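Notes follow the structure.
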Amino acid sequence: MEPSWQEVALFRAGLYRFLGHCLLEYPQAGRQALLQPDFWRNFPLAPANDAMGAALDKLVGVTHGLQAKPQDEALESVQTEYTDLFLGSGEPKAPPWESLYRTPEKLMFGSPVFQVREAMARFGVEAAEKYRQPEDHLGLELMLLAAASEAASLREESDWRESARLQAEFIAAHPLGWIGDLEKDAAAHGAVGFYAALLGLTRGVLQWDSELLREYVSS
């Protein structure tokens, strides 16, 4: 039996919330399951495109290498990579904010911040203030999609199509438009390779979802 749109929407919401959390939150003890190859071998979405397949293979390979280290040391190496790439003691090596990639000045709080704020208002999504990040952080863009998808699952079918159209437009205009550059920076500067692979997986998920939404809108 084909899943209902509500089921698909809730699955999408969970997927985006997971990926968003991975990019917004410093990796903590207690989440070592992410550092196990079986976690990625059993990822709930089968590879739907080359980007997803390659990224999942990389995640399996990276985590297999981490298994050779004591758990604390493996976690610390991923924590260090997260800090170097996304936080930085001075300047992050892979800054996770759209404005730094898509504005001529390459400054924080560029026009993408305000565009994402408008999208949040359009979808009825509140900014996740607890993260204390500009809204054009990739993790928050993914969280917006999670919240929009969850909200769509509660609506009448006539409203789902419009929400799907708006979400597809948002994906094309924002996360999918710059995640490739962020992934390249993570690959160039990441000592472990975990986050470059995670960004590759996220890019593949966005590509898959964009196609899914467009097919639904045109069906």
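Assorted remarks:
- Breaking point among (1) within 20 Å of residue 192 (Cβ to Cβ); (2) surrounded by 15 or more Cβ atoms within 10 Å (Cβ to Cβ); (3) within 18 Å of the chain's Cα centre (by Cα), for residue 31: (2)
For every residue, the table says whether it meets (1) closer than 20 Å to residue 205 by Cα; (2) touching a residue at least 60 places away in the same chain (Cβ under 8 Å); (3) in a loop (DSSP other than H, G, I, E, B).
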| position | (1), (2), (3) |
| --- | --- |
| 34 | yes, no, no |
| 44 | yes, no, yes |
| 62 | yes, yes, no |
| 69 | no, no, yes |
| 74 | no, no, no |
| 78 | no, yes, no |
| 81 | no, yes, no |
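- Residue among 176, 154 that alone is at pLDDT below 90 and farther than 27 Å from residue 75 by Cα: 154
- Within the option set 198, 154, 166, being within 12 Å of the chain's Cα centre (by Cα) and not charged (D, E, K, R) holds for one residue only, 198.
- Residue check, residue 180 within 19 Å of residue 16 (Cβ to Cβ) and surrounded by fewer than 16 Cβ atoms within 10 Å (Cβ to Cβ): yes
- Scope the stretch 19-28; condition surrounded by 17 or more Cβ atoms within 10 Å (Cβ to Cβ) and assigned to a helix (DSSP H, G or I); matching residues: 19, 20, 22, 23, 24
- A single member of 145, 138, 75, 85 is buried (at least 18 other Cβ atoms within 10 Å of the Cβ) and farther than 24 Å from residue 189 by Cβ, and it is 145.
- Search result, residues across the stretch 148-167 that are of a type in the set (A, V, I, L, M) and either touching a Cys at 6+ places or on another chain (Cβ under 9 Å) or buried (at least 20 other Cβ atoms within 10 Å of the Cβ) (or both): 148, 152, 164
- Residue among 55, 121 that is at pLDDT 95 or above, closer than 29 Å to residue 173 by Cβ and small (Gly, Ala, Ser): 55
The values are calculated or read from the model by the stated rules, or taken from the named source; none is laboratory data. Note that the coordinates shown come from a computational prediction; the quantities given were computed from them, not determined experimentally. Counting neighbours? That spans all protein chains shown, and the Cβs are built from the backbone with ideal geometry, glycine included.
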